[in-house]
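Presented below is the structure to which this report refers.
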Amino acid sequence: MNINQLILKKLIKNKKEVPREFFGYIEAWISILGNLFLFMVKFLTGILTKSISIITEAFHSLSDILTSILVIYGFKLSKKPPDEKHPFGHGRIEQIGTLIIAFLLLFASINFIKISIARIKNPIEIQPSIFIIIFMFFSGFFKEWMTKFSFFLGKKINSDLLIADAWHHRLDSIASFIVGIGLILIRFGIHKVDGIIGILVVLLLLWISFDLIRKTTSFLIGEAPDEKTIEQIKKIISLNPDILNSHDIRVHDYGNKKVISLHIEVKKNMSLKQAHDIALKIQDKIKNQIINSEVSVHIDPIGERDD
């Protein structure tokens with residue numbers, strides 16, 4: 001059992017049934033508290049040393065706090081029950097939250113790249129202490145742990161929102177290491193590196209922003225189901241000897257719910273009740289294996305000469 005599993009076990013101790021959003025709240029609050037501490041220390045350090053790379057990195061940590069707040073509201077709103085206008089629930093609000101995170105990163109990047117270019121043209125001499133350099137490396141290791149914890153929870157509940165937040169932590173971790181290396185070079189008198197490091201951090205921000213936008217919009221438009229889900233459904237069907245074939249398997253993903261429909265072929269001389277019972281069994285088995293799924297099975301009677 002690794003450290004992430006131990007932490008989760010402590011947090012959910014004595015809870016018989018843990019709702020999906022509880023994992024999201026755990027990730028978000030740990031992220032908010034950790035990043036608030038990092039932001040305050042980095043920002044004060046950046047102001048005192050006049051380092052644009054440290055100030056940029058401080059605002060990167062601040063953006064992590066904002067994204068974690070979005071995570072909380074994303075889970076809170078997505079668990080709203082279905083209504084007349086949204087019969088399949090509000091699960092895709094998580095994806096909208098992810099999209100907002102991506103655009104926040106994008107807008108922050110545009111501003112900081114201007115400041116970084118100006119700093120390369122007109123470098124300011126700064127003298128970072130050994131303590132500041134050590135802290136930046138500590139920040140990198142701490143954010144890497146937060147990355148792994150967010151990935152762990154995101155995969156556990158299959159949440160793109162938590163995985164997006166994990167990538168955000170990973171980006172901050174890399175940026176902290178880059179800034180730490182840059183501060184070492186600055187101590188040797190290479191002051192232009194402060195602006196260069198600022199641009200490298202911004203490029204990382206831009207890369208993750210566009211990647212999140214691409215993935216999220218693809219999901220919202222409507223992606224084909226992954227092969228693993230299709231194979232899982234086909235395996236369940238194949239275990240029933242009364243089913244001759246299956247086709248038109250459709251999976252509509254609404255974030256916290258999957259709506260699945262499929263056709264099964266049975267012998268046409270089978271009674272209506274027998275065919276209906278087979279369909280119900282398949283529905284129940286798919287629901288048991290694919291969590292939060294709604295399944296509809298259509299029966300096709302097939303004879304020896306039917307195509």
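Project the alpha carbons of region 86-199 onto their principal axes and report the range along each, largest first, in whole Å.
62, 28, 13
Can you tell me the dipole magnitude for the chain around its Cα centre, using point charges on the Cβ only (Lys, Arg +1; Asp, Glu -1), in Debye to the nearest 20?
860
How large is the Kirkwood hydrodynamic radius of region 227-302, in angstrom, based on all distinct alpha carbon pairs?
Over region 227-302, the inverse of the mean reciprocal pair distance is 12.5 Å.
So how many Å³ per residue does the convex hull of the Cα atoms of the chain work out to?
With only Cα atoms used, the chain gives 165 Å³ per residue.
For the charge dipole of the chain, defined by +1 on Lys and Arg C-beta atoms and -1 on Asp and Glu C-beta atoms about the Cα centroid, which residue among 179, 115, 98 has the Cα displaced farthest towards the positive pole?
179
Mind checking which lysines have their Cα closer than 25 Å to the Cα of residue 42? Skip sequence neighbours fewer than 8 apart in that chain.
Residue 42 reaches 50, 114, 121, 143, 148, 192.
Of all beta bridges DSSP finds with both residues in the chain, what is the antiparallel percent, to the nearest 5?
40
Taking only the alpha carbons of region 223-270, what extent do you get along each of the three principal axes, in Å, biggest first?
Each principal axis gives a Cα extent; for region 223-270 these are 40, 16, 16 Å.
Over region 81-177, what is the relative contact order in percent, taking alpha-carbon pairs closer than 8 angstrom and at least six residues apart? Numbers along the way, then the final one.
On the way: 58 pairs, mean separation 27.6, N = 97.
Reported relative contact order: 28 percent.
Which of the helices in the chain meet the span-like rule: DSSP H, Cα axial reach of 27 Å or more, Kyte-Doolittle mean at least 1.6?
193-221
Using the per-residue mean of other Cβ atoms lying within 10 Å as a proxy for protection, in what order, highest first, do the peptides 183-193, 24-34 fall?
Values: 183-193: 16.3, 24-34: 20.3.
Listed from highest to lowest mean packing, they are 24-34, 183-193.
Taking a threshold of 21 Å on the Cα-Cα distance, which of the pairs 228/258; 235/268; 85/156; 76/287; 9/285; 228/257 fall above it? Walk me through the numbers on the way to the answer.
Numbers: 228/258 14 Å; 235/268 23 Å; 85/156 30 Å; 76/287 24 Å; 9/285 29 Å; 228/257 17 Å.
Result: 235/268; 85/156; 76/287; 9/285 exceed 21 Å.
How far, in nm, would the chain grow between residue 184 and residue 280 when pulled straight, counting 0.36 nm per residue and subtracting the alpha carbon separation?
Here the answer is 27.9 nm.
Read the figures in this text as sums done on the coordinates, not as results from a lab. Predicted model only: the values in this text are computed from it and were never measured. For neighbour counting, all protein chains shown are included, and Cβ atoms are generated from backbone atoms with ideal geometry for every residue, glycine included.
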